[in-house]
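To start, the structure itself, in structure tokens.
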Amino acid sequence: MRELVFALEYEPGCNRVADTLADHPDARIRSLSLHATAERLWRVDHVTGPPDALDDIGDAFLTSDYYADCLATEDCGATQETQVLDHTDDTLVLYSDWERTPDCASVPHIARDHFGDGVLFETRHEGRHYTWRIIHSGEGDVAAFFDDLEAAVGDCAQTEMLRTADTSAPTRETTADPSGLSPDQEAALRAAVEHGYYQSPREVDVGDLADHLDVPRSTLTYRLRRAEEHLAKRYVAGEQLTGGASPPL
């Protein structure tokens, strides 16, 4: 089995859910279940964030002209249904069912075209950054998949490869860096340290740092968060293995 992890970075105005998440940086969406056949897609998503963010995200799903995961840039005539399964002050659970048309395109359907049946999907959506993790048999052409994906998203999103590896291999980005960070994450973290982002008080904010690196603010925020998450988990894992003091990072 092979693992493929990549991200879409949506441009403003191209995806209503991404636009809504960009307005609420403390909100996150992750898939609890996602399945696709040749004609349909259904999924359950878990949304966390403050109450106003959950209301706006729910509205984006429930009142959009077309299904949020469709890569078409306008109404493609597909039939969709979204239901609220649970809604608390800080959690929203949504069920979506989508029946596609010949004009529709989506990541799962493009993946099935290239990797066959039995493909598993996991997603995380933060701001305009939409990360996909795909588990497939190892058959199929990854380069051809990305060619078709980039053709489908057009100018609406940038694609970024994060990792491809055997599922039995240690989980790390495609890099020889012993830290396990991807080159983009490592560059973001180094720039943040060098420009005083982690000083107290901060010498630079994330917007200025993003301008320096010539990347969207949401992309930089995502890379820093993933790098911080990876290093924090590595620290705690090392502490558990050693029974106390963690090895230096």
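The values are calculated or read from the model by the stated rules, or taken from the named source; none is laboratory data. For clarity, every value in this text was computed on a predicted model and none was experimentally measured. So basically every Cβ, Gly included, is an ideal-geometry build from the backbone, and we count neighbours across all protein chains shown. Just the protein is used for accessible areas: all its heavy atoms, side chains included, with ligands, DNA and RNA removed. Shrake-Rupley method; radii C 1.70, N 1.55, O 1.52, S 1.80 Å.
Note on the range 43-155: enclosed helices (runs of 4 or more DSSP H) holding 1 or more residues that are under 29 Å from ARG217 (Cβ atoms) and without any contact (Cβ under 8 Å) to a residue 24 or more places away in the chain are 51-63, 142-153.
Within the range 96-117, can one find any residue that is over 30 Å from GLU139 (Cα atoms), surrounded by 16 or more Cβ atoms within 10 Å (Cβ to Cβ) and not β-branched (Val, Ile, Thr)? No, the range 96-117 contains no residue that is over 30 Å from GLU139 (Cα atoms), surrounded by 16 or more Cβ atoms within 10 Å (Cβ to Cβ) and not β-branched (Val, Ile, Thr). Here the range 1-18 is the region considered, the condition is being among the small types (Gly, Ala, Ser) and either on the phi > 0 side of the Ramachandran plot or outside any helix (DSSP H, G or I) (or both), and the residue that is surrounded by the fewest Cβ atoms within 10 Å (Cβ to Cβ) is GLY13. Right, VAL153: modelled with pLDDT of 85 or more and β-branched (Val, Ile, Thr) or not? It is true that VAL153 is modelled with pLDDT of 85 or more and β-branched (Val, Ile, Thr). For GLU160, the criteria (1) modelled with pLDDT of 85 or more; (2) surrounded by 18 or more Cβ atoms within 10 Å (Cβ to Cβ) hold in every case but one, which is (2).
Checking each residue in the range 19-28 for being more than 16 Å from LEU220 (Cβ to Cβ) and open to solvent by less than 10 Å² (accessible area, probe 1.4 Å) picks out only ALA27.
Among the residues of the range 34-49, is there at least one that is at pLDDT 90 or above, at negative phi, open to solvent by 30 Å² or more (accessible area, probe 1.4 Å) and under 14 Å from the mean Cα position of the chain (by Cα)? Yes, there is a match, as at least one residue in the range 34-49 is at pLDDT 90 or above, at negative phi, open to solvent by 30 Å² or more (accessible area, probe 1.4 Å) and under 14 Å from the mean Cα position of the chain (by Cα).
The number of residues in the range 118-144 that are within 11 Å of the chain's Cα centre (by Cα) and open to solvent by 60 Å² or more (accessible area, probe 1.4 Å) comes to 3.
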